[in-house]
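Scroll down for the structure; my scribbles are underneath it.
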Amino acid sequence: MLNRIFAVFFGITILSSSATAGETLAAWQANPSRIFSTSDVDLSDMVWVARPLVIFANSPLDPTFKEQMALLQEGLDVILERDVMIVVDTNPKLKTALRENLRPKGFVWVLIGKDGNVKLRKPFAWDMRELSRVIDKMPMRQQEIKKP
C-alpha cells in the first residue's frame with residue numbers, strides 16, 4: 001500500500017508539462033479561482049499549498065462534467081476557503097501525465113491532498129457542501145481551522 005502511495009505521489013509530481021518550476025504556484029496564487037488544464041500544470045508546485053481537484057471527462061460536452069462545473073461555480077467560496085485548485089482534462093487523446101497516472105474511465109474527479117496523495121475519487125458530480133465535509137475532516141484542514 002505504501003509503495004502504491006509513493007508511486008501515485010511521484011507519478012503526479014514528476015510531470016513533463018509546459019509549466020516550469022514555480023509557474024503553477026504563481027498562477028494559482030494570482031487567481032485561485034482559475035481553472036487549469038492538466039497539460040499546463042506542475043502539481044509538485046502545489047504540495048503543501050493547495051488541494052488539487054482534478055476533473056476528467058472524455059469531452060467537455062459530457063453532461064456529468066457540465067453538472068460538476070456548474071456545482072463548482074455555485075460553491076466557489078467553499079473552494080477558495082479550502083485552498084482547492086481546479087484542474088480539468090476533457091481530452092483523453094492528449095495522454096497527459098495526470099491522465100496516465102490517475103487512469104480515469106470516463107467522468108471522474110480526484111481530490112489530491114496538500115501532501116500530494118489521492119484523498120478521494122468519485123465517478124459522479126458532487127456539490128461543494130459534500131466536498132467541504134470531506135476536506136474539513138482531514139487532519140491538515142483541522143490544523144488550518146485552529147490557526148487564528
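Set the Förster radius R0 to 25 Å, insert the Cβ-Cβ distance between Val134 and Ser59 as r into 1/(1 + (r/R0)^6), and round the FRET efficiency to 0.05. Please list the in-between numbers first.
Working: r = 27 Å, r/R0 = 1.07.
The formula returns an efficiency of 0.40 here.
Which of the chymotrypsin sites (Phe, Trp or Tyr not before Pro) found in the stretch 109-146 are in a DSSP loop and have at most 16 neighbouring Cβ atoms, other than their own, within 10 Å? Intermediate values should be presented prior to the final figure.
On the way: sites: Trp109, Phe124, Trp126; in loops: Phe124, Trp126.
Here the chymotrypsin sites (Phe, Trp or Tyr not before Pro) that fit, given the DSSP loop and packing criteria, are Phe124.
At 222 nm, what helix-only mean residue ellipticity would the chain give, in deg cm²/dmol to the nearest 500, using -39500 (n - 2.57) for each DSSP H run of four or more? Walk me through the numbers on the way to the answer.
Numbers: 7 runs with 61 residues, N = 148.
Taken over the chain, the calculation gives -11500 deg cm²/dmol.
Long-range amide H contacts for Leu120: which residues qualify at under 5 Å (H placed 1.01 Å from N, peptide plane, sequence gap of 5 or more or a different chain)?
Amide H to amide H, under 5 Å and 5 or more residues apart or across chains, Leu120 pairs with Leu111.
Give me the extension gain from Glu67 to Glu23: residue separation times 0.36 nm, minus the current Cα-Cα distance, reported in nm with one decimal. Numbers along the way, then the final one.
Values: separation 44, 0.36 × 44 = 15.84 nm, distance 2.95 nm.
Result: 12.9 nm gained on full extension.
What residues qualify as long-range amide H neighbours of Ile86, i.e. H under 5 Å apart, gap of 5 or more or another chain, H built at 1.01 Å from N?
Excluding prolines and chain starts, which carry no amide H, the hits are Phe36, Leu53.
Taking the stretch 51-148, which trypsin sites (Lys or Arg not before Pro) meet the DSSP loop condition and have no more than 11 other C-beta atoms within 10 Å?
On the way: sites: Lys66, Arg82, Lys93, Lys95, Arg99, Lys105, Lys114, Lys119, Arg121, Arg129, Arg133, Lys137, Arg141, Lys146; in loops: Arg82, Lys95, Lys105, Lys114, Lys137.
In loop regions of the stretch 51-148 (DSSP not H, G, I, E or B), the sparsely surrounded trypsin sites (Lys or Arg not before Pro) are Lys95, Lys105, Lys137.
Given points 7 Å out from each Cα along the Cα-Cβ axis, report the Ser37 to Val49 separation in nanometres with one decimal.
2.1
In square nanometres, what is the average projected area of the Cα convex hull of the chain? List each step's numbers first, then the result.
Details: hull surface 34.5 nm².
Mean shadow area of the hull around the Cα atoms is 8.6 nm².
Where a number appears in this text, it was derived from the coordinates with a stated rule and is not lab data. This structure is a prediction, so every number in the text was calculated from the model and none was measured. Virtual Cβ from ideal backbone geometry, glycine too; neighbours counted across all protein chains shown.
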